[in-house]
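**Q** I have a structure here, written as structure tokens, and I will follow up with some questions on it.
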Amino acid sequence: MRRLFFPPLLAVIALFLIFSCAEKQDFNQFDDLEVTPTVASSIFYLESEEQHINAVGNFTDFYSQIVNFEAFNEEFVAERLLEGTITYEIENTTSKDLNITIEFLDAEGNVLDAQVFDVDQAPAPLFSLEVFYGPGGKNIEILTTTSGLRISASNLGDSASVSSLPDPKLILRSAAEFTFRLQ
Amino acid sequence: MRIPRSILWAILFMGMFLQAQNKQLLYDFYEIPQSLLVNPGVKTFQKWHIGVPVLSGLSFQVGTSGVTVNDLFADDGIDFTTKVRERLIDGMSRKDDFSTTSQIDGINIGFRGKNRPDDYYSFGMYGETDIIVYWPKDLAILAFEGNGGNNIGRSFDLSDLSLRGEMVNVTHFGVNRKVSNTLTVGARAKIYSSIFQFQTIQNSGSFRTTQGQDNIYSTSITADMQLQTSGVEGIIDILEEDTGTTQRDLTKLFMKRVLFGGNLGLGFDAGFTYQLNPQTTITGSMLDLGFIYNSKDIKNYTVRGSANNEGITVFLPEDIPDLNNNLWEDLVDELEEALPYEENDEGYISFRPLKVYGSIRYNFGEGGVFDENCGCGVNAQGGQNDAFYRNSLGGQLFFMKRPRGVQAAVTGFFQKRLGRGFSFKTTYTADKYSLTNIGLGLNLQLGPINFYMLGDNLLGYRNIADSHYASLQFGFNIISWNDN
């Protein structure tokens, strides 16, 4: 039976093998693949009415908070983080000068880096700052070792005046846009 | 979800090569007994046939509607990341797919009824694997480019994630009846025993990052996604065991499920052949109208809900009572609550991929090659017999239900019979995978021994790595005609 079945089978397979061709392939190229997506997300938003700032008083923090922030030092993220930018926007329509400080803290509470913003009273233009982390910018390890943010805002002016602008307030916006290496 | 990378790669890699279920060469190639499996109402000429176990019908179909192996891995000096970006990420659409079908005919036996010679009964068992993975274009772009940069404002469609796959053992019994000299009908009942099955069901949703209302960016996600699996967990558990008995355990599990120990289902095929005039014949068939009820070894994964995120937000003085150190964790918890990932073991019904064939055949070139020597069963009646003619020319249509609609193919064919023992069929097929698919089928009869070989997309063999489609089917049978 084997003599009956296998010769024609082998003949046809041989035929296919003889007449089929394939260009040279290099499957090791997969190691050269670079997958580096850019991920964008808001980080922190602070909004304070002038009425609240006045109520707390001047030359004192009307807001101070340590926030646990593990977004960048998660192992998966930290190992793959290449570079990126944190964008800050500050809008002050109150009648007083303000100070905002954002400190990056490690797991022991040590300050790794700080961003200090002195904000002029209204009318002040929208303040915008982009801070680059990575080659040519701040050390990316600041982010990968950050496990908390200490955010504080204080009133450098008086505690009685009220801005003539409608709905006076302080707004702090922040967002990150970072590039990761997935492959 | 514990799906080892090796399995995912294997599925995707198989998908790069394997393709749809259209068996245009076998369809209505009635000299081959296995043509009963694609049209139970095909004309039958033999008295009985026995397929050589496991070797009576082996089919492997390979291809991809999008990028080929050569497109990515040719040693052409082009940067691989550039090739992936241009040919895969940008070049493929969500309609492109990688799919795989293979079939192994374990047992295939047929015989003509002793008391009812107009009836031809056939039964057997075959295993079939069918996997289709649509190219998840938006998710691939999200992974490759991210949601930042130029993708701010872009909505990523989560419904792009669509896949379906199964391995099933089919036990079948069919009846083929010559109703009159012009009409032959047939039907086949099937019992499915599933080895594994998985499918996404109408995934929907979107992921989008835009300019925020309060903060700089607003990220929103809406998802209604589900992956149903049956039989997969048991296989993964064995593969993950470090006991040294992996192969034995897998074989044992496989055999148990093949022999009705898996999830079971029922199916039905039907078909006909009708002779419009002595030289013109039309045929049609419908295959795998059936379902499997998946109740064993179930694991389903769901993500349902919607969430919007602008980062940690603090409004003063309203939020003073809620201020604490865990604002970030609270935010993550809120998102997870709004968009929960869950697992369950609820049973589900999966439908088999329904297939429909149709054809018209014009016979010409009188030869009388079969009817004098072989008897050709009840269909040997001179001009009423297709095999009376040496040549056939015709067209075929194929439709198949796929997760994203009906997949169609159109085929033109020419068939030639050279004496009693040899015939060949050549086809040209156009479908979403290829517009240059030329196939050739050979059927050789040496006494009672029948051997056939069907090869598709022969032009692709010039550079098999660059082929969108390739298939090969062959088998051995022992056939008895009426007079032997």
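**Q** Roughly how many percent of the accessible protein surface of region B:274-314 is carbon and sulfur, given a 1.4 Å probe and a whole-percent answer?
**A** So the carbon and sulfur contribution to the accessible surface is 56 percent.
**Q** What order do A:53, B:78 take when sorted by accessible area (1.4 Å probe), most exposed first?
**A** Highest to lowest solvent-accessible surface, that is B:78, A:53.
**Q** Further question: Among B:47, B:137, what's the order by accessible area (1.4 angstrom probe), most exposed first?
**A** My answer, sorted largest first, is B:47, B:137.
**Q** Among the aspartates and glutamates, which have Cα under 12 Å from the Cα of residue B:47 when same-chain residues fewer than 8 positions away are ignored?
**A** Cross-link targets: B:118, B:119, B:483.
**Q** Ok, one more. Could you work out [θ]222 nm for chain A from helices alone, using -39500 (n - 2.57) per DSSP H run of at least four and dividing by all its residues? Round to the nearest 500 deg cm²/dmol.
**A** Here the helix-only value at 222 nm equals -5500 deg cm²/dmol.
**Q** With unit charges on the beta carbon (Lys/Arg positive, Asp/Glu negative), name the residue among A:82, B:133, B:478 whose Cα is farthest towards the positive pole of the charge dipole of the protein assembly as shown.
**A** Final value for the positive-end residue is B:478.
**Q** Please list, in order along region A:158-167, the HN-Hα scalar couplings obtained from phi with the Karplus expression 6.51 cos²θ - 1.76 cosθ + 1.60 (θ = phi - 60°), rounded to whole Hz, x for Gly and Pro.
**A** 8, 10, 10, 5, 10, 4, 7, 6, x, 6
**Q** Using a 1.4 angstrom probe on heavy atoms only, work out the carbon and sulfur share of the accessible area of chain A in %.
**A** 54 percent
**Q** Kindly identify region B:5-480 as rounded, prolate or oblate by the Cα gyration tensor criterion: order the square roots of the eigenvalues as a ≥ b ≥ c, call it rounded if a/c is under 1.5, otherwise compare a/b with b/c, prolate if a/b is larger, else oblate. Please report the intermediate quantities before stating the final value.
**A** On the way: a/c = 2.65, a/b = 2.07, b/c = 1.28.
Verdict is prolate for region B:5-480.
**Q** Follow-up question, since we're still on this one. Tell me, what is the per residue accessible area of the protein assembly as shown in Å², probe radius 1.4 Å?
**A** 43 Å²
**Q** Which is farthest toward the positive dipole end of the protein assembly as shown among B:245, B:464, B:149, measuring Cα position about the Cα centre, with Cβ charges +1 (Lys, Arg) and -1 (Asp, Glu)?
**A** Result: B:464, furthest along the dipole toward the positive end.
**Q** Related question: What share of all Cα pairs of region B:61-136, in percent, falls into each consecutive 5 Å distance bin?
**A** 3, 12, 15, 13, 11, 9, 8, 7, 7, 6, 5, 3, 2, 1, 0
**Q** Something else: Using the Cα centre as the reference, give the magnitude of the dipole from point charges on the C-beta atoms of chain A (Lys, Arg: +1; Asp, Glu: -1; all else neutral), rounded to the nearest 20 debye.
**A** 1140 debye
**Q** Continuing with this model, one more query. About the Cα centre of region B:5-480, how large is the charge dipole given +1 on each Lys and Arg Cβ and -1 on each Asp and Glu Cβ? Please answer in debye to the nearest 20. Walk me through the numbers on the way to the answer.
**A** On the way: 40 positive and 52 negative charges, 769 e Å.
My answer is approximately 3700 debye.
**Q** In deg cm²/dmol and to the nearest 500, what is the mean residue ellipticity at 222 nm of chain B if only DSSP H runs of at least 4 residues count, each as -39500 (n - 2.57), divided by the residue total?
**A** Computed ellipticity for chain B at 222 nm equals -3500 deg cm²/dmol.
**Q** For the A and B pair, go ahead and give the buried accessible area with a 1.4 Å probe, both sides summed, in Å² to 100.
**A** In total, this chain pair buries about 4800 Å².
**Q** Something else: Which entries of B:296/B:355; B:190/B:299; B:23/B:178; B:83/B:425; B:137/B:299 show an alpha-carbon separation above 30 angstrom in the structure shown?
**A** Exceeds cut-off: B:83/B:425.
**Q** A follow-up question, please. By the scheme Lys and Arg +1, Asp and Glu -1, what is the net charge of all other residues having a beta-carbon under 12 Å from that of residue A:125?
**A** My count for the surroundings of residue A:125 gives -3.
The values are calculated or read from the model by the stated rules, or taken from the named source; none is laboratory data. Worth saying up front: this structure is predicted, and the values here are computed from it rather than measured. Counting neighbours? That spans all protein chains shown, and the Cβs are built from the backbone with ideal geometry, glycine included. SASA here: full protein model, heavy atoms, side chains in, ligands and nucleic acids out. Shrake-Rupley method; radii C 1.70, N 1.55, O 1.52, S 1.80 Å.
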